[in-house]
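Student: Input: one structure, supplied below.
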Amino acid sequence: MDLALETDQLGKRYGKRWALRDCSLHLPTGCVAALVGPNGAGKSTLLHLAVGLLRSDAGTVRVLGESPYGNTAVLSEIGFVAQDTPLYRDFTAAELITMGARLNRRWDAALARNRLAQLGIPPGQPVGRLSGGQRAQVALALALAKRPRLLLLDEPVASLDPLARNNFLRLLVDSAAETGATVLLSSHLLADLERACDYLIVLNAARVRLVGTVNELIAEHRHLVGPRHGHHPIPGVTAVVQADHTERQTTLLARIHKPVADPAWTMREVTLEDLILAYLSEGDTQAGHTEWEVSA
Amino acid sequence: MIWLVWRQHRKQALFVSIGLVLIAALMIPTGLTMRSAFVDNGVAACVRLLGDAELVPINIRSCQGVLDDFNNQFQSLATVGVLFFVLPLLVGLFLGAPLVARELEHGTHRLVWTQSVSRRHWALAKFGLVGAATLAVACVYGLGMSWWMAPLSQTGQFSRFNVYVFDMQGLVPIGYTLFAVALGVFAGTIWHKVLPAMAVVLVGFLGLRFALTILARPNYLPAETFSYPVQGPTHALNPTLGNWVLSVGVRNSSGELVQANGTVECPVGAQGPGGQPCGGGLLGPDAYNWQLYQPGSRYWLFQGIESGIFIVLAALLLFLAIRRIRHIA
């Protein structure tokens, strides 16, 4: 299996605080992966490590088999759209395309121009005067014009309205399919990702909580509803991710390795959103209690 | 990269050009007027008469009058020099401080550093081109101001070694300007915001300038002394050479300073009240006038030393900035 992105025990520290820790994951080529987590979970840090903006403090990161830090050969294979889609605001879209041509060995200016023409984005207006959605599209067009094999996007839709968000993600998925690029896209908006992505990485409090293809993850998890439950193991369940107890009833979100045969439990399928929320709340409280120095 | 640097800075280049043209429009006509007056009023002849002798006879009084007249006529123009005093600071504030800080503040470094050009290349191209342009501009106003000040400098009062005049012409504006720009660039790599970077330029630049001017410059080389008698002095330091007089005073026969910041001169045979020798009661016998000065001939050497200090510091700051840029995400 070819890997677009590969990290092993990857860690990054700012002072004493680890922004990312023990991050090991393998991103196969051709997938559209979502990197999900709350603000401050380490999403940007992971993406910056992948694009070579940051140097790791622990472990390794490899993009297309090579270390990205200070490596312009790898850099030319990566398209990157940073958070808040930064662009030189006094440049026109046409000038930004010229800039890309000057700064890259491989540059498909026609691709960028065609995209922006289709979207009706004026070539001669400073991009600072375009709407947020249009700016995001310009940034995406610039990233795609590198004809990258790996496309990294840091919260590209966070500031867009629902319609623009939808358009952006649709075009992103289409172009990824066209060019065969692997996409890694960070976000904290869950509903959008469900439609766009086939691979999921959940990051919380600097650690990877969950990683895998969406189909597998959905297949491996179930809601289980049954009588109030203590701590004894349930046959078929590998791990309990989340448990809600009422007086008489227990609802679990569990990872299973085979269907739970015990008739006391009712199984229900999980949605991607359920899954993400369950894994996010898992790490949350722990960090909070330590930081406030109170007991859980 | 060259295209990008030009595109990013063309507006600033335009403003700087306009500024230079306006300054030239002011300075060239006044400079020419001053030069023709310098010849027409006989100042040039006078300066030639005094020559480049270290000491000149004190009795060339008519010449002193011509020099003073010229000074009185044009000294108000010399206030224009304040402009040149602040030019390096302005360049540092508006060209140096935003150079990296604005990219970091707007996040555009993440756009430009993730194209296929290394950060080192980016930094070298940007610093190199902006630095070269700054150097060219600084040469124009530094050496241009030297040309403009030349007549005034030779008449004694606005000696080119004078603290403010020294600062606004010759090589030092080049050093100051490069330093101010480099300080702004470096501050940007630490604070990542334009305003703090500008504040650092303001404080750092003025602080170092004052410190060096007051504490270091008088001591780049040991100063020389010149003494002459209280009564009937015959020679004085040649005013046209532009010596930098650091302090004057009157010392008694054992060398103690009996009067600071002043001189006493009386003609031969003059007597004070009660038949005492001139100043005798106050100063004691054998008192003499004393001057501590840096000879005008050291002007270019001092210019070289001071601009050298600033250029070395500028290079160091840029080196550190490039190193810091490697660790910014």
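Student: Please find the FRET efficiency linking B:Asn71 to B:Ala315, where r is the Cβ-Cβ separation and R0 is fixed at 35 Å, and quote it to the nearest 0.05.
Tutor: 0.35
Student: At a probe of 1.4 Å, how much accessible area disappears from chains B and A on forming the pair, both sides counted, to the nearest 100 Å²?
Tutor: For chain B against chain A, roughly 2400 Å² becomes buried.
Student: Something else about it: At a cut-off of 40 Å², which residues of the range B:289-329 become less accessible once all protein chains are present than in their chain alone, using a 1.4 Å probe?
Tutor: B:Ala329
Student: Rounded to the nearest percent, how much of the accessible area of the range B:9-132 (1.4 Å probe, protein heavy atoms only) is carbon and sulfur?
Tutor: 66 percent
Student: Shifting gears a bit: Counting only Cα atoms, I'd like the Rg/Rh figure for the protein assembly as shown, Kirkwood definition for Rh.
Tutor: 1.22
Student: Identify which of A:Leu193, A:Leu150, A:Leu217 has the largest mean-square fluctuation in a Gaussian network model of chain A, with springs joining Cα atoms closer than 10 Å.
Tutor: Top of the fluctuation ranking is A:Leu217.
Student: Still on this structure, I have one more. Enter the accessible area per residue of the range A:3-204 (Å², integer; probe 1.4 Å; all protein chains in place). The partial results should precede the final answer.
Tutor: Values: 7730 Å² over 202 residues.
Using a 1.4 Å probe on heavy atoms only, each residue of the range A:3-204 averages 38 Å².
Student: Distance from the Cα centre of the range A:223-280 to that of the range B:1-69, in angstrom?
Tutor: Cα centroid of the range A:223-280 versus Cα centroid of the range B:1-69: 88 Å apart.
Student: Only Cα pairs under 8 Å and at least 6 apart count here; give the relative contact order of chain B as a rounded whole percent.
Tutor: RCO, chain B: 23 percent.
Student: Let me ask something else about it. Please list, or write none, the lysines whose alpha carbon is within less than 28 Å of the alpha carbon of A:Lys16, excluding same-chain residues fewer than 8 places away.
Tutor: A:Lys43, B:Lys193
Student: Determine the sum of side-chain charges near B:Ala150: Lys and Arg each +1, Asp and Glu each -1, restricted to other residues whose C-beta is under 11 angstrom from that of B:Ala150.
Tutor: Taking every Cβ under 11 Å from that of B:Ala150, the sum is +2.
Student: Spin-label point model (7 Å from Cα, Cβ direction): what's the A:Arg129 to A:Ala109 distance in nm?
Tutor: Placing both labels 7 Å along Cα→Cβ, they lie 2.3 nm apart.
Student: Then there is this: What percent does the relative contact order of the range A:3-204 come to when contacts are Cα pairs within less than 8 Å and at least six residues apart?
Tutor: 29 percent
Student: Continuing with the same structure: Order B:172-178, A:33-39, B:139-145, A:240-246 from most to least packed using the mean count of other Cβ atoms within 10 Å.
Tutor: B:172-178, A:33-39, B:139-145, A:240-246
Student: Another one. Can you tell me, using C-alpha contacts under 8 Å and at least 6 residues apart, the relative contact order of the range B:125-226 as a whole percent?
Tutor: Numbers: 64 pairs, mean separation 22.5, N = 102.
The normalised contact order for the range B:125-226 reaches 22 percent.
Student: On alpha-carbon atoms, Rg over Rh for the range A:3-204 using Kirkwood Rh?
Tutor: Taking Rh as the inverse mean 1/r over Cα pairs, Rg/Rh reads 0.95.
Student: For chain A, what % of the accessible area comes from carbon and sulfur atoms, probe 1.4 Å? Can you show the working numbers first?
Tutor: Details: 6690 of 13790 Å².
Ligands and nucleic acids excluded, carbon and sulfur give 49 percent.
Student: Once each part is reduced to its C-alpha centroid, what is the distance from the range A:6-60 to the range B:289-322 in angstrom?
Tutor: If we compute the Cα centre of each part, the gap is 49 Å.
Student: A further question follows. What ³J(HN,Hα) values, in whole Hz, does the Karplus curve 6.51 cos²θ - 1.76 cosθ + 1.60 give for the range A:138-153 when θ = phi - 60°, with x put for Gly and Pro?
Tutor: Per-residue couplings from phi come out as 4, 4, 5, 4, 5, 5, 6, 5, 6, 6, x, 8, 10, 10, 10, 10 Hz.
Student: Next question. How big is the gap, in Å, between the Cα center of the range B:155-225 and the Cα center of the range A:75-127?
Tutor: Centre-to-centre distance over Cα atoms comes out at 42 Å.
Student: Between A:Asn166 and B:Val248, with labels modelled 7 Å along Cα→Cβ, what's the label distance in nm to one decimal, could you check?
Tutor: 8.8 nm
Student: Same structure, new question: Give me the one-decimal nm value for the distance between modelled label points at A:His231 and A:Leu3, 7 Å along each residue's Cα-to-Cβ direction.
Tutor: Output for this residue pair reads 3.6 nm.
Student: Moving on to the next point. So what is the 222 nm mean residue ellipticity for the protein assembly as shown from helices alone, if each DSSP H run of at least 4 adds -39500 (n - 2.57) and you divide by all residues, rounding to the nearest 500 deg cm²/dmol? Walk me through the numbers before you get to the answer.
Tutor: Values: 21 runs with 294 residues, N = 625.
Estimated from H runs of four or more residues: -15000 deg cm²/dmol.
The values are calculated or read from the model by the stated rules, or taken from the named source; none is laboratory data. Because the structure is predicted, anything quoted here is derived from the model rather than measured. Note that each Cβ is placed from the backbone with ideal geometry, even for glycine, and that neighbours are counted across all protein chains shown. Ligands, DNA and RNA are stripped out before the accessible areas are found, and what is left, the full protein with its side chains, is counted by its heavy atoms. Shrake-Rupley method; radii C 1.70, N 1.55, O 1.52, S 1.80 Å.
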